[in-house]
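See below for the structure under consideration.
The values are calculated or read from the model by the stated rules, or taken from the named source; none is laboratory data. Note that the coordinates shown come from a computational prediction; the quantities given were computed from them, not determined experimentally. With ideal geometry, Cβ positions are generated from the backbone for all residues, glycine too; neighbour counts draw on all protein chains shown. Ligands, DNA and RNA are stripped out before the accessible areas are found, and what is left, the full protein with its side chains, is counted by its heavy atoms. Shrake-Rupley method; radii C 1.70, N 1.55, O 1.52, S 1.80 Å.
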Amino acid sequence: MSSEIVEELAIEARGLGKSYWLYEKPADRLKQLMWGRWHRYYREFWALRDIDLGIRHGEVVGVVGRNGAGKSTLLQMVCGTLPASTGSLHVRGRVAALLELGAGFSPDFTGIENIYMNAAILGLKRSEVDARLDDILAFADIGDFIRQPVKTYSSGMFMRLAFAVATAVEPDILVIDEALSVGDGAFARKSFDRIMKLKDAGKTILFCSHSMYQVEALCSRAMWIDGGTLREFGPAAQVTSAYQASLNAGVAARTPLGASSPDALPAAGAGTGRIVKVSASADGVTGTELDLRSAESDLTITVEFVIGPGLPVPAVALGFSDSNGLTVASTTTHNDGVTLNADAQGHGKAAVCFPKFPLLKGQYSVTSFLISEDGIHVYEQVERCLVLNVTQRGLEQGLVTLAHEWEA
C-alpha cells in the first residue's frame, strides 16, 4: 500500500484479531500459570479474527451484526481500551467514544469533575474545557444534578452527560456503540442533529446500531460483523439489505398481529412527536383490520400525529410485513418529496392511497413511523397497528402482482 493511501485512512486494520482464554474452573488459571509450558488448561475463544478494513477521514461508517458478533470488541480496540491479540490497528486522530453506559466516568465524582477528567483524558487543557463548559452543560441539560456524584444519575442522565462531553471536545473520530438507545425522544433528536453537524464538518464517525434505517440514513458505508469475522463491508444500503435478509431467514414466531394500539399513545412533549391514531379504509369499511381483494381494493391509510412545540413538521413512514415478519414494502413522505402540515398546536395528518392494492393473498401487518423532517430520527414507531387480510381471484403466486400487458 502506498504512503499516500495510508495517510488518507483514519482507521486501518490488517489481520486484526482478539482472543480470550476461557477456563472451566478457577483452579485452571493457577495450573496454567505453573504448568502451562507443558499442558494447556484453557480453551481459546476468538471474539475477532482476521479483520481487514480501511476507513477514510470524514467517512460515516455503520457497524451491524447480531449480539455477541464482536462489534463492541472492535469498537473498544479502535478506542484503545482493548489491546489486539494479532494483527495491526492504526488510528489517526483524537478519538471520543460512547461505549457501554458509564464508561470513563468515576461514580464517586460529580458531573462537573467527570467533565474535566474526561476532557483531560481526551487531551484538552483546563482552559479549553472552561471555554466549552457552558455548551456542555446546556446540551446535557441535567440541572443541579451536575454537582452530584454520577452514581446518583439515571441511565438517561449518564448518557446526556457522556454525549455532551464526547461531542464538545471536537474529536477527529467519534465512536458510538448503541449508546443513544437509553435517551428520551427529545434528547435523541438533539443528539442526531449534533451527529449530523459532525458529519458535515468532516469528522469520522463509527456508528453501531440495530436500527437498519438509521444506519442507512446516516452512513455512506457499513460493515457487517458475524461470528467475529468481517462478513461484508461496502455501501450502507447493500450491507444493511444483506444483513436484514439474514435476520429474516431466521425469523421466529412473534407477537400476534394487531397487538399494538396507537390510540393509547400519549401526547407529544417538548422535543419529540407522537402518533395519535392510525386507521385504514377500503371498500367502504374503516378500521384497524380490513379484508382486501388483491388488485381490486383501493386502500387508504391515515396517520394522525402531534409534534412538540418548536420542531419542524415531521415525516410519516409505513412498512408492510408478511405473516413471518418479513418487510415486503415501505413508503415515506420524505422519500416521496411530500411536505406535511401541522396546526398551531402541532397536530397534523397524512393520508396515502394504494389503488388496486397489489399484494397477493395472505395476512399482512402495517407498522407506522413518525420521523424527523430529514428522515433521520424516529420519534415514534407503532408496530402492527393495522392488519390486512388479502384474498385474490386468480392463481398468481408470490407476494405482489406486477403491472403487465400480454401480447399475442
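Here are a few things to note about the model shown:
- In this calculation the C-beta distance from ARG293 to ALA351 is compared with R0 = 22 Å, giving a FRET efficiency of 0.60.
- Rough spin-label spacing in nm, given labels placed 7 Å along Cα→Cβ, for GLU373 and SER154: 2.9
- Between LEU174, THR81, ALA403, the Cα set farthest toward the positive side of the dipole of the chain (charges on each charged residue's Cβ, about the Cα centre) is that of THR81.
- For peptides 216-227, 337-348, 80-91, sequence by mean Cβ density within 10 Å, most packed first: 216-227, 80-91, 337-348
- Most to least packed among 398-407, 30-39, 64-73 [average Cβ atoms within 10 Å]: 64-73, 30-39, 398-407
- 5 angstrom amide H check on ALA10, placed H, neighbours 5+ away: ILE55, ARG56, HIS57
- Residue-wise HN-Hα couplings along region 36-50, as the Karplus relation 6.51 cos²θ - 1.76 cosθ + 1.60 with θ = phi - 60° gives them from phi, are x, 5, 10, 8, 9, 9, 9, 10, 8, 10, 9, 6, 9, 8, 6 Hz; Gly and Pro carry x.
- Amide H contacts of THR272 (H built 1.01 Å from N, under 5 Å, at least 5 apart or other chain): GLY308
- Residue of ALA236, ALA201, ALA119 that the Gaussian network model of the chain assigns the largest fluctuation, springs spanning Cα pairs under 10 Å: ALA201
- The heavy atoms of ARG14 offer some 90 square angstrom of accessible surface to a 1.4 angstrom probe.
- Debye-sum result for region 284-408 in log10 I(q)/I(0), which assumes one identical scatterer on each alpha carbon, at q = 0.10, 0.14, 0.20 Å⁻¹: -0.36, -0.66, -1.14
- Binning the C-alpha pair distances of the chain at 20 Å intervals from 0 yields a P(r) profile of 22, 48, 26, 4, 0 %, listed from the shortest bin outward.
- Region 1-152 - Rg (one decimal) and Dmax (whole number), Cα, Å: 20.3, 60
- Close amide-amide hydrogen proximity is noted between LEU360 and VAL400, THR401, each under 5 Å apart and 5 or more residues distant or on a separate chain (H modeled in the peptide plane; Pro and chain starts excluded).
- Helical mean residue ellipticity (222 nm; -39500 (n - 2.57) per DSSP H run of 4+; nearest 500) of the chain: -7500 deg cm²/dmol
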